[in-house]
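To start, the structure under review is shown below, and the notes come after it.
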Amino acid sequence: MDQLGTDEVSTRRADASAVGTREVGTGEVGSDEVGTGEGIAQRIDAVARAHEDGTTLEDACARLVHLLRQHVHMEVGWTSEFVGTEQVFRIVDVEPGRDGPAVGTRTSLNDAYCSRVLNGTMPALIPNARDVPAATWLDVTLALHIGSYLGVPLHAPDGTPNGMLCMISSGVAPQLDEHALTTARLVAQVIDDLHHRALGEGAARRERAALHAHVATLCAGDGRHAVYQPIVELRTGVAVAAEALTRFEASDRAPAGWFAAAHSVGLGRELEVAAARCALDALRTPGQVPPGCAIAVNLSPDLVVDALDELLDGVDVSRVLLELTEYAPVVDYDRLRGALDPHRAAGLRIAVDDTGAGYASLSHVLLLRPDVVKVDMQLVRGVDTDPVRQALVGALVRFCAVAGALVVAEGVETEEELVSLLDLGVDLGQGFFLEKPCREPRWDGLPHHARPLATSGG
């Protein structure tokens, strides 16, 4: 929290609901001397910072009430919460030998100073209650032995008053002045800020718990399914593989957003494993994937190291194309290769996804020697009209020819792009022009509109 000063009072907005329930004794909060305005502001700020360092909300608010009561030399201080037509005392701080209202006590707002302060019929600062006729005839004046009073509102998050911070003494209090009122408002606003933060933290915890519960249902298989987008031979239109993609039902959040959300609540690995299992189930189901065709599945490098053996159990690995993305960093290539090599020896093929999107994909290509290089859609889009894109794609094609890797162009969306890719020597492609992702992909060839009749060279 920034250092607080009394000149900030008018610019800070009270943003909290009623304070926590607490009864305070006479414990010390720094010096009992009144000190300067700057000194009290620093002490208020110190209490607020103590809350940031682990002091509970109730303790921080109680210390603020105690600090204010000492500073303005009053006998009793409290915070109250408005509940219907009553106020409930939440924090009560009294000097030794003086009685005050018990925590949890309810009193009618009709007989309270605070309701009159809020509606403007009674001042917030009363050095001598006998000078205020509206105060002298109230029952609470006698019940609480009020000879002097100071009261400022607390606020709900929407800015409406929902409680009070009050100070009273049995005798007159000539020391109550505008500085005392300003300090009380500052303390009230800090209490509001602390409580608003606690409300926000509580809301964040509830939101996180709800997200965790929802992701757990996704991990269990509810609310998601796999779709498959064919990877096709560009010259024949025949599908040789299909990339498995996860779709989340009844949600505006993108798939990548759900995986990120899962990681944020500690379920990233679980969701990734569940999605990969679902994708590979197509190979476990007889007749779902034609002989000779593969399923491409995306896995993070960490999951490859930790769970690849588990995921490939019972699957013909020669029909799996494992995609590693540009956006998943590799911390230890030796460990990654160690996890991959036994399965590659058994027929597993590796693809580097999003090649050309950045440095990481090129590192993957050089250090993993993949079987397939997937050209990022940003290089494919508009390749038919952009000589620079053509040069980059052509260079990747030539590189892969030397490295012994197949080239897949991602994001093919027009016939012109397809023809240009053929001219550049690209082997395979996928994209909406060829086939959209669906639960049951087309394996026997492209729709007629997506079959290239000839390259640009005839």
Selection within segment 115-142 - under 20 Å from His73 (Cβ atoms), in a helix (DSSP H, G or I) and aliphatic (A, V, I, L, M)
Ala129, Ala135
Please verify whether segment 177-192 includes one or more residues that are out of contact with any Gly (no Cβ under 8 Å at 6 or more places or on another chain), in the same structural domain as Ala129 (by TED's automatic domain parsing), farther than 19 Å from Val92 by Cα and in a loop (DSSP other than H, G, I, E, B).
yes
Check Gly237 against each of (1) out of contact with any Lys or Arg (no Cβ under 8 Å at 6 or more places or on another chain); (2) on the phi > 0 side of the Ramachandran plot; (3) touching a residue at least 60 places away in the same chain (Cβ under 8 Å) and name the one condition it does not meet.
(1)
Restricting to segment 82-104, what's the tally of residues that are surrounded by fewer than 15 Cβ atoms within 10 Å (Cβ to Cβ) and more than 17 Å from His145 (Cα to Cα)?
4
Looking at the structure I just gave you, is Val273 among the aliphatic types (A, V, I, L, M), assigned to a helix (DSSP H, G or I) and assigned by TED's automatic domain parsing to the domain that holds Val408?
yes
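When you scan segment 117-131, do you find a residue that is of a type in the set (A, V, I, L, M), within 30 Å of Gly200 (Cβ to Cβ) and in contact with a helix residue (DSSP H, G or I) (Cβ under 8 Å, 6 or more places away or on another chain), even just one?
Checking segment 117-131: at least one residue is of a type in the set (A, V, I, L, M), within 30 Å of Gly200 (Cβ to Cβ) and in contact with a helix residue (DSSP H, G or I) (Cβ under 8 Å, 6 or more places away or on another chain).
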Unmet requirement for Glu310, which otherwise passes all of (1) assigned to a helix (DSSP H, G or I); (2) surrounded by 17 or more Cβ atoms within 10 Å (Cβ to Cβ):
(2)
List every residue pair whose Cβ atoms sit under 7 Å apart, with the two residues 6 or more apart in sequence or on different chains, where the first one lies in segment 60-86 and is without any contact (Cβ under 8 Å) to a residue 24 or more places away in the chain and the second, anywhere, is in a helix (DSSP H, G or I).
Glu86/Leu109
When Glu23 is run through (1) in contact with an Asp or Glu (Cβ under 9 Å, 6 or more places away or on another chain); (2) part of a loop (DSSP other than H, G, I, E, B); (3) crowded, with 16+ Cβ neighbours inside 10 Å; (4) modelled with pLDDT under 85, the failure sits at (2)
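Of Asp316, Asp353, which residue is of a type outside the set (Lys, Arg), surrounded by 13 or more Cβ atoms within 10 Å (Cβ to Cβ) and in contact with a Ser or Thr (Cβ under 7 Å, 6 or more places away or on another chain)?
Numbers: Asp316 fails: in contact with a Ser or Thr (Cβ under 7 Å, 6 or more places away or on another chain).
That would be Asp353, the only listed residue that is of a type outside the set (Lys, Arg), surrounded by 13 or more Cβ atoms within 10 Å (Cβ to Cβ) and in contact with a Ser or Thr (Cβ under 7 Å, 6 or more places away or on another chain).
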Can you tell me which of Thr285, Thr246 is over 20 Å from Thr325 (Cα atoms) and of a type outside the set (Phe, Trp, Tyr)?
Thr285
So Ile231 passes all but one of these: (1) under 28 Å from Gly429 (Cβ atoms); (2) surrounded by fewer than 18 Cβ atoms within 10 Å (Cβ to Cβ). Which condition number does it fail?
(2)
Which residue is surrounded by the most Cβ atoms within 10 Å (Cβ to Cβ), if the candidates are limited to segment 242-260 and must be among the aliphatic types (A, V, I, L, M) and at pLDDT 90 or above?
Ala242
Hey, among the residues in segment 105-129 that are surrounded by fewer than 17 Cβ atoms within 10 Å (Cβ to Cβ) and without any contact (Cβ under 8 Å) to a residue 24 or more places away in the chain, which one's farthest from Thr160 (Cα to Cα)?
Thr105
Name every residue in segment 130-143 that is more than 18 Å from Glu86 (Cα to Cα) and either surrounded by 12 or more Cβ atoms within 10 Å (Cβ to Cβ) or among the small types (Gly, Ala, Ser) (or both), in order of residue number.
Arg130, Asp131, Val132, Ala134, Ala135, Thr136
Within segment 193-239, tally of residues that are of a type in the set (Ser, Thr, Tyr) and within 30 Å of Val273 (Cβ to Cβ)
2
Restricting to segment 240-272, what's the tally of residues that are hydrophobic (A, V, I, L, M, F, W, C), in contact (Cβ under 8 Å) with a residue 40 or more places away in the chain and under 18 Å from Leu303 (Cα atoms)?
8
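The values are calculated or read from the model by the stated rules, or taken from the named source; none is laboratory data. This structure is a prediction, so every number in the text was calculated from the model and none was measured. Quick reminder, even Gly has a Cβ in these numbers, built from the backbone with ideal geometry, and neighbours come from all protein chains shown.
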